[in-house]
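Student: My questions will all concern the structure given below.
Just so it is clear, none of the values below were taken in a lab; they were calculated from the coordinates. Keep in mind the model is a prediction, meaning the values are calculated, not measured. Glycine also receives a Cβ, built like all others from the backbone with ideal geometry; neighbour counts cover every protein chain displayed.
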Amino acid sequence: MDIVILTAIGVGGATVIGSLIGFVFRNLSHKFSDIILAFAAGVMLAAAVLGLVMPSLELGGDYGIIVTVAGIFTGAILMKIVDKLVPHLHNLGKGKEGFAEVGEEVKREKTKIDKAMLFVLAIAIHNLPEGIAAGVGFGGGDTMGALFIAGGIALQNIPEGMVIIAPMLAAGIKPGKAFLYGALTGAVEILGTFIGYFAISIAGAILPFSLAFAGGTMLYVISDEMIPETHAHGSESGATFALLAGFCLMLVMDVLLT
């Protein structure tokens, strides 16, 4: 249990570290932000496939492929429902056309803050399945595999923490509050880790489905949120290679750990 607690803190703490770095690089260009977010997407993609989907297939027995496919789509459908309640990340940075014509500075500043807070809320909600994914691995008893997943999630949380600071500062949110909000998005992952761990510890029979479910939620976020965001500002090529770099880094780690 101690290793689960330490891992949960590490996964959430990585976002805090990223937030601190975000203050140093608060004036990130769109190109650089896209590249580091794409790298995070590559890390997350490898963690989902190698650490969740493939183990689900291996543990599913004779019906492994059915269980895995069902789990992936169930996780993706759940995230689609969540997206109906929370705005898409790649839509939050876009202002309304003609807004300058309103001519009211107070309303403009309030809108900027509202958009920044929606962005943070969306990050926090999408962090929950990442935490659950880390916890599910520990609940299944595969400590090394769980550490691989958690390490990948923590690694991608650092650049994710970086990119959430700049929008809040640009919206006029005080640095102290911006850091607090960034840290809270990491706290959500700590909660998710314990949810995943205890859920699987109680009902270990559903482990293959749960692994695939967690993988499906992560794959959905990568495809629906992260990749479109990294390709929205003309940095498609750099973002693509950054994603591949993140994916290959996790491949190397997987080989070294096994």
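Student: The stretch 22-68: Rg/Rh from Cα coordinates, Kirkwood Rh? Walk me through the numbers before you get to the answer.
Tutor: Working: Rg = 17.3 Å, Rh = 12.9 Å.
Ratio value, two decimals: 1.34.
Student: Kindly state, to the nearest 0.05, the FRET efficiency for residue 49 paired with residue 78, given R0 = 25 Å and r defined as their beta-carbon distance.
Tutor: 0.85
Student: Would you kindly derive the ³J(HN,Hα) couplings of the stretch 150-162 from the backbone phi angles with the Karplus curve 6.51 cos²θ - 1.76 cosθ + 1.60 (θ = phi - 60°), listing them in order in whole Hz, with x for Gly and Pro?
Tutor: 4, x, x, 5, 4, 4, 7, 6, 5, x, 5, x, 5
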